[in-house]
Amino acid sequence: MLSSGSSQYNGRFALGDDLGQAAGVTNTDTDKSTEVRLTEQEALANLRTVLELCASGQLKCSAKTSRASAATVGLVASHLINGDFYPDDAIAAFAWPLLIQSGGLANLDGTRLALTPKGRAALGKPPADVIRDLWRRWLTHGVVDEFSRIDAIKGQRATNVLTAVKPRRATVAEGLAACPPGEWIEVDDLFSTMRRARLNPTIARSERALWKLYIIDAEYGSFGYDGYHDWSLLEGRYTLAVTFEYAGTLGLVDLDYRDPRGARDDYHDNWGSDFLDALSRYDGLRRIRLTPLGAYALGLTHTFVPSDDVAETSSLTVLPNLDIVIPRGITTTEKLTLSAFAAQTADHVWTVSATTLTAALGAGRDLADFVAFLILRSDHELPSPLTTLINDVRRRGAQLTDLGHLRVIECADPAVAALIARDRRLRSLCRQLGDRFLTVAPENEPKFRTALLKLGYVLPTV
């Protein structure tokens, strides 16, 4: 079972020797399972998958904390192209719903996440540009404090304990930007580089605040004692959290990591450490490598040139009877996109109809995205029955326009309505509806009321 909050690590850890060797990484710790994840192409694919899940109304989050529900974390994890980083503890699946919220791509409608107009537009934009914007938005608009995910450290919720999170994020981002692109760097070397450059994402507001942070016991396990709050324990763990959970999830850095249990021993002198297998779920991160996507998102390059391992797309055939046939494997993202515009009628067949296309329009989807999706994956022109149907649905979809909410005002007689509607100060603020009714947009109401008073009329407050 995936957990978004547990600090216990009692599940298996997947070996990644083949992937590590392919990336030029050799596992020298024969008794410790390690894995290398090349995150760039994963992130570019996972972005679309998460947006499609959101567009289909399947993601739910707490209205109070914005964190995804356990069911949503599990759903996202099951759809990630290579799964989450750990099979039994959520990292990427926890981060994605938060990232699209902070990036303005989705917002909560009750407890259900819904795509915003910006989110719908992101489905048709280059994913690298969307990810760059998500990273930059997270630095200033992240909806949780990453340090809160290091739940073995208690006392964080006490008043005036933790520093402001935005400067901390900016400091870590500056540290990552100092990494040489395309070269592996040990996380302890990253720590040393940051300290030499005085890039300190300071956690505690003061020496007094340090006493309120503790492991297990508030008195004996306090970080306030001299020598028991080393940089790696607080600032270092925060750096690991931002790097692993957000930079790694977004594909900015490749990751070389292992099971967090026993991965680091820098906290063993602290009282209460005997009760912990690891200080954080991020303790297993050993090395990172800045990707081309990371260099682009961090502003080190002005253009994005993807890595060589570009994911292949599935080929498909669009038949004149409006069936779409994919004879071989289909990715999760492709399946979600097809399901947004067509209905699956067999194992390898999706059928397009006026009903499915109209429903997609009603959900805020752009039919041009569907056409581009089909053209990219087929080696033939789209059949005319399909293009005719799409054009017809698009034409009918343009017949109605949502003008938003309006206040409707009833006048005593047609003469009053005409007088107000034609007044030089009021005619741009209202619209006449029939003989005796006026409509006013909410944003125009204050000016409308003021101008109405000058004309000698008053609109009573409801």
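Over the chain, Cα pairs under 8 Å with separation of 6+ residues give a relative contact order of 14 percent. Charge tally for ASP347 (other residues, Cβ to Cβ under 13 Å; Lys, Arg +1; Asp, Glu -1): +1.
A cut-off under 13 angstrom between Cβ atoms defines the neighbours of ILE288, and their net charge, with Lys, Arg +1 and Asp, Glu -1, is -4. Counting every other Cβ atom within 10 Å of each residue's Cβ, ARG258, ARG328 order from fewest to most as ARG328, ARG258. The relative contact order of segment 232-362, computed from alpha carbon pairs under 8 Å that lie at least 6 residues apart in sequence, is 17 percent. Give me the log10 of I(q) over I(0) for segment 254-349 at q = 0.15 Å⁻¹, as the Debye formula computes it from C-alpha points; what are the numbers? After summing over all Cα pairs, the log10 values are -0.82.
Simple rule: put +1 on each Lys or Arg Cβ and -1 on each Asp or Glu Cβ in segment 140-201, find the dipole, and look at LEU190, LEU162, PHE147; the Cα lying farthest toward the positive end is LEU162. Could you work out the percent of alpha carbon pairs in segment 407-454 separated by over 15 Å, rounded to a whole number? Result for the distance tail: 33 percent.
If you add up the charges near CYS61, with Lys and Arg at +1 and Asp and Glu at -1, over every other residue whose beta carbon is less than 12 angstrom from its beta carbon, what do you get?
Every neighbour counted, the sum reads +3.
From the list (1) 65, 59, 51; (2) 69, 53, 42; (3) 86, 62, 40, can you say which value of Cα extents along the principal axes in Å was derived from the structure given? The listed entry that was calculated here is (3). Pairing the Cα long axis of helix 165-177 with the longest principal axis of the chain, what angle in degrees results, from 0 to 90 and rounded to the nearest 10? Around 70 degrees separate the two axes.
Read-outs throughout are calculated quantities, based only on the coordinates presented, and are distinct from any laboratory measurement. Note that this is a predicted model, so its numbers are computed, not measured. Heads up, the Cβs are rebuilt from the backbone with ideal geometry, glycines too, and the neighbour counts pull from every protein chain shown.
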